[in-house]
1. In what order do 133, 102 fall by count of nearby beta-carbon atoms within 10 Å, going from fewest to most?
2. At residue 113 and residue 13, where each label point lies 7 Å from the Cα along Cα→Cβ, what is the point-to-point distance in nanometres?
3. For the chain, with a Gaussian network of springs between Cα atoms less than 10 Å apart, report the residue from 57, 26, 71 with the top mean-square fluctuation.
4. Stretched out fully, how many nm does the piece from residue 67 to residue 41 gain, at 0.36 nm a residue minus the Cα gap?
5. Gaussian network model of the chain, Cα springs within a sub-10 Å range: biggest mean-square fluctuation belongs to which of 38, 62, 90?
6. Angle check, please: helix 78-96 long axis (alpha carbons) against the longest principal axis of the chain (alpha carbons), in degrees 0 to 90, nearest 10.
7. Using only Cα atoms, find the angle between the long axis of helix 41-50 and the longest principal axis of the chain, and express it within 0 to 90 degrees, rounded to the nearest 10.
8. Once both axes come from the Cα atoms, what is the angle between helix 12-39 and the longest principal axis of the chain, in degrees from 0 to 90, rounded to 10?
C-alpha cells in the first residue's frame, strides 16, 4: 500500500490530471450557483438583504463565483484565486448558514467548511502542470 502511494505522488501526469479534476469538482457548484443567481437576481438580492447583507453586493458575489470558478478551471493565478474563494466560502458560511436549529442550514455550514478546506489545499498545491500557471512556469 505504501509503495502505491509513493508511486502516485511521483507520477507527475497522474498528479497533474488529479489536480485538474480537483479544480473542476471544487468549482462546479460555484459556476452553477453564480449563473443561477443571474436568473434569479431580484430574489437573491432580497434574500441577501433579509440576511443583513446589502443586495448591491450581488454582482460581486456572481463575479466571485463565476469568474473565480473559470479562473480555477483554467488554472490562472490558482493559489490566489483559491485563497480568495476560501475566504468567500467561509464568510458566506458565517453570514448565511448559522441557523443550526435548521438541519439544512447546519449541513450547509459544514459543506462550506469542507469546500473551504478544498480551496486551502488547492492554494497549497497550486495549479499543477495542466493549468495556465503550469504552462507559464514551463515556458520560463
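Throughout, read-outs are computed from the coordinates displayed, never taken from laboratory work. Predicted, not measured: the structure shown is a model, and the values here were computed from it. In this analysis, Cβ positions are derived from the backbone assuming ideal geometry, glycine residues included, and neighbour counts consider all displayed protein chains.
1. Lowest to highest Cβ neighbour count: 102, 133.
2. That separation, rounded to one decimal, is 4.0 nm.
3. Among 57, 26, 71, the largest GNM mean-square fluctuation belongs to 57.
4. That works out to 7.7 nm of additional length.
5. 38
6. The helix 78-96 is inclined about 30 degrees to the chain.
7. In the chain, helix 41-50 runs at an angle near 70 degrees to the longest axis.
8. Relative to the chain, helix 12-39 is tipped by roughly 20 degrees.
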